[in-house]
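Data block below; observations after.
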Amino acid sequence: MSQNGISTHVLDLALGLPATGMRVRLEREAPDDYAAPWAHCAAGMTDEDGRCRPLLEAEKVVAGKHRLTFETAAYFAGQERPAFFPEISITFTVETDGAGCHVPLLLSPFGYSTYRGS
């Protein structure tokens, strides 16, 4: 597990390349706020290596549920390719305050996969 906070990277399997220039949002569950159950933590854009590193530094990570949302429609539209999933949200749990977590996304226009990275 990463000790550098919460990070991600995106690989475009259809091209066999990193997904460059994709917007990514990070949110944390706010279970006591019924009007806004998710609180914004950070946002970024993937670099030439398909990475957002880190979206949130370790000292700002709070234990609980988090959600990464990848804006795939804009990414694929920029390449004139279709996007069956206009955005992809991945919800995961951080076990302890300050813990690091890396969540990669493997995608194509019609499918995706994710896993707990290192």
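Read the figures in this text as sums done on the coordinates, not as results from a lab. Keep in mind the model is a prediction, meaning the values are calculated, not measured. Neighbour counts are summed over all protein chains in view; Cβ atoms, including those assigned to glycine, are modelled from backbone coordinates with ideal geometry.
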Phi to ³J(HN,Hα) by Karplus 6.51 cos²θ - 1.76 cosθ + 1.60 over the range 109-116, Hz, x for Gly, Pro
x, 10, x, 7, 8, 8, 6, 7
GNM of the chain, Cα pairs under 10 angstrom: of His40, His66, His102, the biggest fluctuation goes to His40
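Nearest 0.05, what FRET efficiency do Phe110 and Tyr34 give at R0 = 25 Å with Cβ-Cβ as r?
Numbers: r = 35 Å, r/R0 = 1.41.
After rounding, the FRET efficiency stands at 0.10.
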Nearest 5 percent is fine: what portion of the DSSP beta bridges confined to the range 6-114 is antiparallel?
85
Residue-count net charge about Ala19 - beta-carbon cut-off 12 Å; Lys, Arg +1, Asp, Glu -1
-2
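For Tyr34, Tyr112, what ranking results if the residue with the fewest other Cβ atoms within 10 Å of its Cβ goes first? If you can, show how the numbers build up before the last one.
On the way: Tyr34 7, Tyr112 17.
Ordered from fewest to most neighbouring Cβ atoms within 10 Å, Tyr34, Tyr112 come out as Tyr34, Tyr112.
Please compute the net charge surrounding Lys60, taking Lys and Arg as +1 and Asp and Glu as -1 over other residues with Cβ under 14 Å from its Cβ. Please list the in-between numbers first.
On the way: positive: Arg28; negative: Glu27, Glu57, Glu59, Asp97.
Summing Lys and Arg as +1 and Asp and Glu as -1 gives -3.
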Proxy reagent accessibility, fewest Cβ within 10 Å first, across Phe84, Phe76:
Phe84, Phe76
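Subtracting the Cα-Cα distance from 0.36 nm times the residue separation, let me have the gained length for Ala43 to Leu13 in nm, one decimal. Let's see the in-between values first.
Working: separation 30, 0.36 × 30 = 10.80 nm, distance 2.32 nm.
Stretched fully, the Ala43-Leu13 segment lengthens by 8.5 nm.
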Residues meeting the amide H criterion for Cys101 (H placed from the backbone, H to H distance under 5 Å, 5 or more places apart or on another chain) are Ser2, Asn4, Gly5, Ile6, Ser7
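What order do you get for Cys101, Cys52, Cys41 when you list them from fewest to most C-beta neighbours inside 10 Å? Write down the numbers at each step before the final one.
Values: Cys101 26, Cys52 23, Cys41 18.
In increasing order of surrounding Cβ atoms, one gets Cys41, Cys52, Cys101.
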Springs between alpha-carbon pairs under 10 angstrom, Gaussian network model over the chain: which of Gly21, Gly100, Gly78 fluctuates most?
Gly78
Given only helices, namely DSSP H runs of n ≥ 4 each adding -39500 (n - 2.57), what is the per-residue ellipticity at 222 nm of the chain, to the nearest 500 deg cm²/dmol?
-1000 deg cm²/dmol
Taking Rh as the Kirkwood radius, which is the inverse of the mean 1/r over Cα pairs, what is the Rg/Rh value for the chain?
0.98
